[in-house]
Amino acid sequence: MRALRSSGALWLGMLILVLLVLPLVVTSRFAIDIFIRVLLFAFIGVAWNLIGGYAKQLSLGHAAYFGLGAYTSTILQIDFGISPWIGMLAGGVVAMLASLPIGALCFRLRGPYFAISTIATAQVFMLLFLKFRNFAWGAEGTTIPNLGNAPLMMQFEAKAAYYYIALGLLAIGLAITYRIERSWMGYYLVAIGEDEDAAEAIGVNAMRIKRDIYMISAFLTALAGTFYVQYIYFIDPTTAFNFNISVEAALVSIVGGVGTLWGPVIGTVLLEATSALLQSWLGSSFGGVQLTVYSLILMAVILWRPTGLLGVLTEAYARIIRADPEQTRKAALDG
Amino acid sequence: MLEILAQAVVNGLLIGGIYALVSIGVTLIFGVVKIVNFAQGEFVMIGMYISFFLATYYGIDPLLSLAISMPVLFLVGMLLQHFLIRRVLGLGDMPQIFLTFALSLLLMNLALMLFTANYRTVHTWYSDEAFHIGEIYVPMAKLVAFVLAMALSGILWVFLQTTDMGKAMRAAAQKPEVAMLMGINPNHVFAVATGVSLALAGAAGSLLMPFYPASPMAGQVFVLMAFVAVVLGTLGNVRGALIASLMMGVAESLGIQFVGADSGLIVVFLMLLLTLAFRPSGLAGGGAR
């Protein structure tokens, strides 16, 4: 076990090093763009995983918080000249506050009905932003003024800068998950995810724990929203509250492995790599190919590996490093 | 003013009949098989395309193609239950939700690849026909769809009440263990329930075709409406789903009439959220399982 852990630290150190030098080695804009997408969606997946993976509250409405983050920072920037760095945190706070009434309503429902009600909340936000034109540009949306290289306004000429921000966000998300996983809250979350009634029976205040973790999850998702609109320089309701964001947040976690630290990361790498390959083979002319493949992967994982691909990888890894023939034989007998 | 109100109510009731077919399908699967079919809207979409292609290439009227879309989707439902849904029963929420959710994504995007995102319409001789009751305008195609939808709902109700299979379904819905002891084969009952549910979705698609354009995303609105209706009515209850669907249709129509053309869905979603806020205990989804 000790050997496993120290080799884990070694791997993590190497991974961080590779990720830090990656944009220095790979300079293709296309490749960096894919890396940024991977980091961003892994981060959104990590945020989703807190509520969806550990507490098993299967939200399909995280686009609500993504969009609120995106709109808060953009409104603050365009109407008040406030830097998106501040706007990002403000967006996180707005999302946290929004998650309170949304959670109060939706957490009354369980399982599929929770999922459906979260879809409804995200859709309501999209419809409201579409309808009220005077509030935030309505359906046309707006471009974000390009200030050239303005690091204080979260605008950079070098794509690598966005890469490092996304990497930083992912690191924050993973660090928070790591801390929560090892705290009393992490155990409560897993207990709620396993059986909410039983958890309440032994004295876990399920409503409070769910509310708290939902706030954290909403906050992190909103940060991603701000980053995304700053990166693409454009916002409109269908981009900011896109259902596909809710879907992908859940999808990467489930494919990688729900309720695990690295699951969403593994899931995103796999799905985005598949998507990039498909794009380079087929071009972007075939609408629907990407989601067709995603949904096939998702079905395959659910039917054959409900614990996600992380489980497959760790088993394989454990089998490789266990050079001890006695243990390999045992593992073979077990398997 | 009163005429506008009455017109909005009539419009709502007419489309509500279609919502009812979809909702009854959702509630039937939920009641018997105990899963929520997120892909129900995509089977409406498939029903629409079946009728569209039969009308375009063979000149078959969409109402006649009910006789094809319903059996085809019944068969699809049996196979779906047998090969996919059966494998996740009893595995907890996550696999159950995301299996049918993945199926929904798959069917939608396959349709996008095969049929493109273009809107497809079928023009029948009654598509533009309408008659007036006083000041109220009643489009023929919608009225026919409504009447047939109500008839199908009635037939289903009779089927559930009087036939052996219908009784077996209700038994499996209420006490699956006891039903098994009575010699009811749950797998067979589940397959028939899913088949009937999908046949209703297919019927909804065919009935929509004379006045509603088919597209890969067309099913989305209907399944969202159905979910709300199923939460509003009591889960697993066919009559509740029917009444709630008609209400949703009227609520949406009033929203469109009095709040704005893009506000129908807002009204519906707000209805859902308000219900959750004020009447959560009345909903089977809110109680203990």
Pick from region A:307-324 the residues that are part of a loop (DSSP other than H, G, I, E, B) and at pLDDT below 80: which of them is nearest to A:Tyr54 (Cα to Cα)?
-> A:Thr307
Any idea how many residues of region A:140-169 are touching a residue at least 24 places away in the same chain (Cβ under 8 Å) and within 26 Å of the chain's Cα centre (by Cα)?
-> 17
Condition set at pLDDT 85 or above and of a type in the set (Val, Ile, Thr), scope region A:86-140, selection farthest from B:Ile97 (Cα to Cα): answer is A:Ile86
With criteria (1) touching a Gly at 6+ places or on another chain (Cβ under 7 Å); (2) of a type in the set (S, T, N, Q); (3) over 23 Å from B:Leu66 (Cβ atoms), B:Ser245 comes up short on (3)
Okay, helices (runs of 4 or more DSSP H) sitting entirely in region B:127-186 with 1 or more residues that are under 24 Å from B:Met48 (Cα atoms), I get B:140-162
What number of residues within region A:287-303 are in a helix (DSSP H, G or I) and either polar (S, T, N, Q) or more than 11 Å from B:Pro95 (Cβ to Cβ) (or both)?
-> 10
Working only within region A:234-264, note down all residues that are more than 30 Å from A:Gln77 (Cβ to Cβ) and in a helix (DSSP H, G or I).
-> A:Leu251, A:Ser253, A:Ile254, A:Val255, A:Gly256, A:Gly263
For region B:47-77, what are the residues that are buried (at least 20 other Cβ atoms within 10 Å of the Cβ), in contact with a helix residue (DSSP H, G or I) (Cβ under 9 Å, 6 or more places away or on another chain) and aliphatic (A, V, I, L, M)?
-> B:Met48, B:Ile50, B:Leu54, B:Leu66, B:Met70, B:Leu73
Among helices (runs of 4 or more DSSP H) lying entirely in region A:1-116, which contain 3 or more residues that are within 21 Å of A:Phe243 (Cα to Cα) and in contact with a Gly (Cβ under 8 Å, 6 or more places away or on another chain)?
-> A:29-49, A:63-80, A:84-106
Look at B:Val223 and say whether it is at the interface with chain A (Cβ under 10 Å from one of its Cβ atoms), buried (at least 24 other Cβ atoms within 10 Å of the Cβ), modelled with pLDDT under 85 and under 21 Å from the mean Cα position of the chain (by Cα).
-> no
Filter pass, B:Pro216 being closer than 19 Å to B:Leu148 by Cα, in contact (Cβ under 8 Å) with a residue 40 or more places away in the chain and either in a loop (DSSP other than H, G, I, E, B) or within 13 Å of another protein chain (Cβ to nearest Cβ) (or both) = no
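To keep it simple, each residue is scored yes or no on (1) over 11 Å from B:Met225 (Cβ atoms); (2) in a helix (DSSP H, G or I); (3) among the acidic types (Asp, Glu).
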residue	(1), (2), (3)
B:Ala20	no, yes, no
B:Phe30	yes, yes, no
B:Phe38	yes, no, no
B:Met45	yes, yes, no
B:Phe52	yes, yes, no
B:Ala55	yes, yes, no
Across region A:186-205, the tally of residues that are buried (at least 17 other Cβ atoms within 10 Å of the Cβ), closer than 25 Å to A:Val252 by Cβ and without any contact (Cβ under 8 Å) to a residue 40 or more places away in the chain stands at 2
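The values are calculated or read from the model by the stated rules, or taken from the named source; none is laboratory data. Here the structure is a predicted model, which means the values were calculated and not measured. Note: ideal-geometry Cβ built from the backbone for every residue, glycine included; neighbour counts use all protein chains shown.
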